[in-house]
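Below you'll find the structure, written out as structure tokens, and then a few comments.
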């Protein structure tokens, strides 16, 4: 016959399984759980360090951005100053070049006036010589004889000089 057992009543197998379970639980608690707890604590510490490092990184990033903006503003201000100075120097250089050009133009004008004066004097002298020769040639034809050239030439030059002085 089959024995009917009440499944609610514990038997010897139950107690053996309970003891085995408690032994395994004790072994796990004694030798395995400390390593797992230690690994979890280390991992938690690493995570906290990572979070702190992230916060520090964000803070450093904000400081770096602020420093970058400050340096950019300084560079912009320095650039504006350099441009202003360059503009000022360019203006001074322009004025200096214009002054030099004016001086050179004045020198060229003076040289040109001097050259014109010399050319005028040479032309007047050439006209006087030609006038003397023309008058001498006309007088020879009129008188029909050669005049004392040196004496008459001097007289004609003196007359031409008097005409020139009275004209100017």
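Helix 33-143 versus the longest principal axis of the chain: what angle, 0 to 90°, nearest 10, using Cα atoms?
So the helix axis and the longest Cα principal axis differ by about 10 degrees.
Give me the one-decimal Kirkwood hydrodynamic radius in Å for the range 78-123, with the sum taken over alpha-carbon pairs. Intermediate results must be reported in sequence, preceding the final value.
Working: mean 1/r = 0.0756 Å⁻¹.
Answer for the range 78-123: a Kirkwood hydrodynamic radius of 13.2 Å.
Divide by every residue of the chain the summed helix terms, -39500 (n - 2.57) for each DSSP H run of at least 4, and state the resulting mean residue ellipticity at 222 nm, rounded to the nearest 500 deg cm²/dmol.
On the way: 3 runs with 146 residues, N = 168.
Computed mean residue ellipticity for the chain: -32500 deg cm²/dmol.
May I have the convex hull volume per residue, in Å³, for the Cα set of the chain?
Values: hull volume 60.7 nm³, N = 168.
Per-residue hull volume (Cα only) is 361 Å³.
Over its Cα atoms, what ratio of radius of gyration to 2.2 N^0.38 Å does the range 32-81 give?
Values: Rg = 21.2 Å, N = 50, 2.2 N^0.38 = 9.7 Å.
For the range 32-81, the normalised Cα radius of gyration is 2.18.
Quick check on the range 19-108: what are the equivalent-ellipsoid semi-axes from the Cα gyration tensor, as sqrt(5λ), descending, whole Å?
On the way: eigenvalues 1387, 17, 4 Å².
Whole-Å semi-axes of the equivalent ellipsoid: 83, 9, 5.
Could you put 102, 129 in order, starting from the residue whose Cβ has the fewest other Cβ atoms within 10 Å? It would help to have the intermediate numbers written out before the result.
Working: 102 10, 129 13.
Going from sparsest to densest Cβ surroundings: 102, 129.
Specify the angular offset, from 0 to 90 degrees and rounded to the nearest 10, of the alpha carbon long axis of helix 149-167 from the longest principal axis of the alpha carbons in the chain.
50
Neighbouring Cβ atoms within 10 Å as the yardstick, rank 40, 136 fewest first. Present the calculation step by step, with values, prior to reporting the outcome.
On the way: 40 10, 136 16.
Starting with the residue having the fewest Cβ neighbours, the order is 40, 136.
Cα axis of helix 12-27 to longest principal axis of the chain: angle in degrees, 0 to 90, nearest 10?
Long axis of 12-27 versus the principal axis of the chain: about 30 degrees.
The numbers here are math on the coordinates, done by the rules we state, and not lab data. Bear in mind the structure is a predicted one, so any value in this text is a computation, not a measurement. Positions of Cβ are generated from backbone atoms using ideal geometry, with glycine treated the same way; all protein chains shown enter the neighbour counts.
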